[in-house]
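**Student:** Can you read through this structure? Questions will come right after.
The values are calculated or read from the model by the stated rules, or taken from the named source; none is laboratory data. Given the structure is predicted, the values throughout are model-derived calculations rather than measurements. Neighbour counts are summed over all protein chains in view; Cβ atoms, including those assigned to glycine, are modelled from backbone coordinates with ideal geometry.
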């Protein structure tokens, strides 16, 4: 399949050519074949006129738990512990493969309709998620979120469920769909595991060349209890076991110390900022200016829908900008709209080890078109400002993932939304919650 | 015109019957004629089946400057003073009647499409705004935002431009459209005026039975400079002149003292919270729990689009909830989703002196329908949670203002969006900014 986009206005995230005007972008197979002002020679299966629209690299949702879409708004208004123990954990205990598939499909639909082309997901029954992602067409770095609550002395990779899950997932799915799916090694968090799992997972990642995905210093209590228990922070104690040696994702990073941020920057680990979830669960505001000064790459994520309650990266960008600039802008300078857009695209792709997130020749063709003719995006004095502060999912009129158009003008081309809705309504909700 | 809504699920904001299920809501002329489970007798011009949708009272945007829609994203990333003096004031100096009409129409379109049925607007060339509002069909409390920069001794109502504006506006427009338009008395702010204007405006409001609309303690600097200058806060010094005697709107209220909040509560003045603008301009976070404890009514506004950059009350509700609960929830209890919805509807109507904002017999028929079948609102464990934390303007499928459907399924029925766009693009933008 080849597609030629004409009359392209784009923010490319490519430092060599940050803005395109009246350009042509050609896509061949899964890659961007050319970017330029001249119309390239040759025939194309389809030509799309982009007049009135803005092209962007697709969004990268760099930390999420997509099947939790089933729990949208469930237990809202509770504090974190009450929410987890009285609502989320009991619901999760009832999830079967079919529920996970339905919830993942519903969440992917919301993501695709709002311009996301790539995700880093951490959840149980991960192979089921992989099958759903493959069908949906976006790229995903998938991980199990390994936990180990047993006695350290009793640990054995043969009996530890998440070691077996990690092994099965990697063997079956790493690189599937011509790289559409990658498997990350993963530890849910320092406070839900102990040293034997950290050591095993670090060794496993090293042996198989996998990146790592871990929740790090999301709450003050998590950070301080770790300091009490080990005399080191979560980032530091995990580093002692080699967890960060292949880089990857530290999700949340609300309470990192300066030493933590420098260490993670050296290891090539990205801080994934989840501002809506961090506010909703009253966790805090990650100091992005400070992580950036320490050299960290910063990306954005929605976290699970149960603590957000959306998969909307436009909103995540706006809330990130508003809260960061209000909290730290006066002393440390504001994050520009361009910086925020980079977090939602190029930085996210870098976090996941994806050759995407940038509109340039040779990159993966993850591209979205945003209609700028809507009453909420007009007038436009600055494209980046309008994208960060005014745009909404409903302005996304096309989502191309890996060179394939998977959503256009409100229609899903890979997912059957009616079937997904029926599956959620008639199977998953009664199964988990005992009724609709 | 009579309309019968059947199979209604609604959050009514009526304490007597907060939730409707499988109900009928009948509208006759501009009012709600009946609410109940039985289908009312008689013929209706139109019957609307609300299956799959949720009815709400229309949103009240209780503090805005609608023509500033022309400046969406203009000067973004600057601090407040740089933004005002280098961007906004020079642009505003070039506005003529035709620009104001175009900007107001564009802003009203965005508001109508996102479910707003009533606004409190403060801006110059107010009579032009009134004509545009009358055409658009929503209700509006309009005000000029009186300023007086001259020497107090030189003040004369005959030569003060904003006294003349207030007088002309009141005489021509107060009560126009069978009450669709009301005129508020208005002082832009304590720091842009002096005692003679306050006294004149207070007396004028008293004489004509008008409510008041004033920016109050939006920034720390404004609040502290007033204390230095007068030994009293803005709320207190204005009260000395009788400015609050008829109630009305104190916009922003970020830095109110306890005494201020109690005083304004006694005077029946509503605090209008503008969280997005307050964050974007780095002004602060208004402590709603505290204003509420002091007895104040609290409503929501978007402020002008130039500092937001949207007219989206769904977003305003979500940001209000996230930031309030994060900032104060642990010590003072969270604001529930139901509380936030009341701020955007019933409390706003109360702030404007409107017999609306509630779905009950006899109230003004300001009603919206939100489609709950979209991928971003499914599943629904709690309607209020989904409305505050997951809904978007694109979910609004009908807007009825004063009994008339003014927007349905993406179509504007009172405004001509193409004509408005052309007017903004070909007249207003070149006139103000020297080009498109």
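**Student:** Taking residue A:355 and the conditions (1) in contact with a strand residue (DSSP E or B) (Cβ under 6 Å, 6 or more places away or on another chain); (2) crowded, with 24+ Cβ neighbours inside 10 Å; (3) more than 14 Å from chain B (Cβ to nearest Cβ), which numbered condition does it fall short on, given that it satisfies the others?
**Tutor:** Residue A:355 satisfies every listed condition except (2).
**Student:** While we're here: Taking the criterion of being more than 9 Å from chain A (Cβ to nearest Cβ), touching a strand residue (DSSP E or B) at 6+ places or on another chain (Cβ under 6 Å) and either without any contact (Cβ under 8 Å) to a residue 40 or more places away in the chain or assigned to a loop (DSSP other than H, G, I, E, B) (or both), would at least one residue in region B:275-290 satisfy it?
**Tutor:** Yes; the residues of region B:275-290 include at least one that is more than 9 Å from chain A (Cβ to nearest Cβ), touching a strand residue (DSSP E or B) at 6+ places or on another chain (Cβ under 6 Å) and either without any contact (Cβ under 8 Å) to a residue 40 or more places away in the chain or assigned to a loop (DSSP other than H, G, I, E, B) (or both).
**Student:** Additional query: Which number in (1) modelled with pLDDT of 95 or more; (2) under 27 Å from residue A:203 (Cβ atoms) marks the one condition that residue A:104 misses?
**Tutor:** All conditions pass for residue A:104, except number (2).
**Student:** Mind listing just one residue for me: the one in region B:363-388 that is touching a strand residue (DSSP E or B) at 6+ places or on another chain (Cβ under 6 Å) and away from every other protein chain (no Cβ under 14 Å) and, of those, surrounded by the fewest Cβ atoms within 10 Å (Cβ to Cβ)?
**Tutor:** B:363
**Student:** While we're on this one: What's the number of the only condition in (1) in a helix (DSSP H, G or I); (2) over 30 Å from residue B:221 (Cα atoms); (3) more than 22 Å from the chain's Cα centre (by Cα) that residue B:170 fails to meet?
**Tutor:** The number of the failed condition is (3).
**Student:** Applying the selection to region A:328-342, what residues are facing chain B (nearest Cβ under 8 Å) and touching a residue at least 40 places away in the same chain (Cβ under 8 Å)? Show your work before the answer.
**Tutor:** Of all residues in region A:328-342, those facing chain B (nearest Cβ under 8 Å) come to A:329-330, A:334, A:336-337.
Scanning region A:328-342 gives A:336, A:337.
Yes/no matrix, rows are residues, columns are (1) within 11 Å of chain B (Cβ to nearest Cβ); (2) in contact (Cβ under 8 Å) with a residue 24 or more places away in the chain; (3) assigned to a loop (DSSP other than H, G, I, E, B):
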{"site": "A:54", "(1), (2), (3)": "no, yes, no"}
{"site": "A:60", "(1), (2), (3)": "no, yes, no"}
{"site": "A:69", "(1), (2), (3)": "yes, yes, no"}
{"site": "A:82", "(1), (2), (3)": "no, no, no"}
{"site": "A:99", "(1), (2), (3)": "no, yes, no"}
{"site": "A:129", "(1), (2), (3)": "no, yes, no"}
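**Student:** If only one of B:428, B:391 is within 12 Å of another protein chain (Cβ to nearest Cβ), in a loop (DSSP other than H, G, I, E, B) and touching a helix residue (DSSP H, G or I) at 6+ places or on another chain (Cβ under 7 Å), which one is it?
**Tutor:** Details: B:428 fails: in a loop (DSSP other than H, G, I, E, B).
The unique qualifying residue is B:391.
**Student:** How many residues does region A:10-33 hold that are surrounded by 19 or more Cβ atoms within 10 Å (Cβ to Cβ) and either in contact with a helix residue (DSSP H, G or I) (Cβ under 7 Å, 6 or more places away or on another chain) or part of a strand (DSSP E or B) (or both)?
**Tutor:** 11
**Student:** Since residue B:135 meets every condition but one in (1) free of Cβ contacts under 8 Å to residues at least 40 places away in the same chain; (2) assigned to a helix (DSSP H, G or I); (3) farther than 15 Å from residue B:65 by Cα, which condition does it not meet?
**Tutor:** Looking at each condition in turn, residue B:135 falls short on (1).
**Student:** I need every pair where a residue in region A:7-36 that is in contact (Cβ under 8 Å) with a residue 12 or more places away in the chain and at positive phi has its Cβ under 6 Å from the Cβ of a residue that is surrounded by fewer than 19 Cβ atoms within 10 Å (Cβ to Cβ) and part of a loop (DSSP other than H, G, I, E, B), sequence separation at least 6 or different chains.
**Tutor:** The qualifying pairs are A:7/A:51.
**Student:** Quick one: would you say residue A:245 is in a loop (DSSP other than H, G, I, E, B) and in contact with a helix residue (DSSP H, G or I) (Cβ under 9 Å, 6 or more places away or on another chain)?
**Tutor:** Here the answer is yes, as residue A:245 does meet what is asked.
**Student:** Counting only residues that are crowded, with 24+ Cβ neighbours inside 10 Å and within 16 Å of residue A:280 (Cα to Cα), how many does region A:70-88 have? So that I can check it myself, show each step before the final result.
**Tutor:** Taking region A:70-88 and keeping what is crowded, with 24+ Cβ neighbours inside 10 Å, we get A:70-73, A:76.
After this cut, where a residue has to be within 16 Å of residue A:280 (Cα to Cα) as well, the list is A:71-73, A:76.
The qualifying residues number 4.
**Student:** Tell me, yes or no, whether region B:257-267 has at least one residue that is part of a loop (DSSP other than H, G, I, E, B) and surrounded by fewer than 24 Cβ atoms within 10 Å (Cβ to Cβ).
**Tutor:** So the first thing to find is which residues in region B:257-267 are part of a loop (DSSP other than H, G, I, E, B), and the list is B:257, B:267.
Those still in the list that are surrounded by fewer than 24 Cβ atoms within 10 Å (Cβ to Cβ) too: B:257, B:267.
Yes, region B:257-267 contains at least one residue that is part of a loop (DSSP other than H, G, I, E, B) and surrounded by fewer than 24 Cβ atoms within 10 Å (Cβ to Cβ).
**Student:** Among B:91, B:109, B:104, which is the only one that is in a helix (DSSP H, G or I), crowded, with 24+ Cβ neighbours inside 10 Å and more than 9 Å from chain A (Cβ to nearest Cβ)?
**Tutor:** Numbers: B:91 fails: crowded, with 24+ Cβ neighbours inside 10 Å; B:109 fails: more than 9 Å from chain A (Cβ to nearest Cβ).
Exactly one residue qualifies, and that residue is B:104.
**Student:** If you go through region B:394-425, how many residues are outside any helix (DSSP H, G or I), in contact with a helix residue (DSSP H, G or I) (Cβ under 7 Å, 6 or more places away or on another chain) and within 12 Å of another protein chain (Cβ to nearest Cβ)?
**Tutor:** Step one: filter region B:394-425 for residues outside any helix (DSSP H, G or I), giving B:396-416.
After this cut, where a residue has to be in contact with a helix residue (DSSP H, G or I) (Cβ under 7 Å, 6 or more places away or on another chain) as well, the list is B:396, B:399, B:406-407, B:412, B:414-415.
Keeping just the survivors that are within 12 Å of another protein chain (Cβ to nearest Cβ) gives B:396, B:407, B:412, B:415.
The qualifying residues number 4.
**Student:** Tell me which residues, restricted to region B:336-352, are part of a loop (DSSP other than H, G, I, E, B) and crowded, with 23+ Cβ neighbours inside 10 Å.
**Tutor:** Here is the first cut: in region B:336-352, the residues part of a loop (DSSP other than H, G, I, E, B) are B:336, B:345, B:352.
Once the filter is applied, which keeps residues that are part of a loop (DSSP other than H, G, I, E, B) and crowded, with 23+ Cβ neighbours inside 10 Å, region B:336-352 yields B:345, B:352.
**Student:** Give the residues of region B:193-214 that are without any contact (Cβ under 8 Å) to a residue 40 or more places away in the chain, under 23 Å from the mean Cα position of the chain (by Cα) and at negative phi, sorted by residue number. So that I can check it myself, show each step before the final result.
**Tutor:** Keep residues of region B:193-214 that are without any contact (Cβ under 8 Å) to a residue 40 or more places away in the chain, which gives B:203, B:207-209, B:214.
Imposing the further condition that a residue be under 23 Å from the mean Cα position of the chain (by Cα) reduces the set to B:208-209, B:214.
Correct list: B:208, B:214.
**Student:** Exactly one condition in (1) away from chain B (no Cβ under 14 Å); (2) closer than 18 Å to residue A:342 by Cβ is not met by residue A:237; state its number.
**Tutor:** Unmet for residue A:237, out of (1) away from chain B (no Cβ under 14 Å); (2) closer than 18 Å to residue A:342 by Cβ: (2).
**Student:** List every residue pair whose Cβ atoms lie under 7 Å apart, where the two residues are 6 or more positions apart in sequence or sit on different chains, the first residue falls within region B:299-327 and is within 7 Å of another protein chain (Cβ to nearest Cβ) and farther than 13 Å from residue B:107 by Cβ, and the second residue, located anywhere, is in a loop (DSSP other than H, G, I, E, B) and modelled with pLDDT of 95 or more.
**Tutor:** Within 7 Å, the pairs are B:323/B:285.
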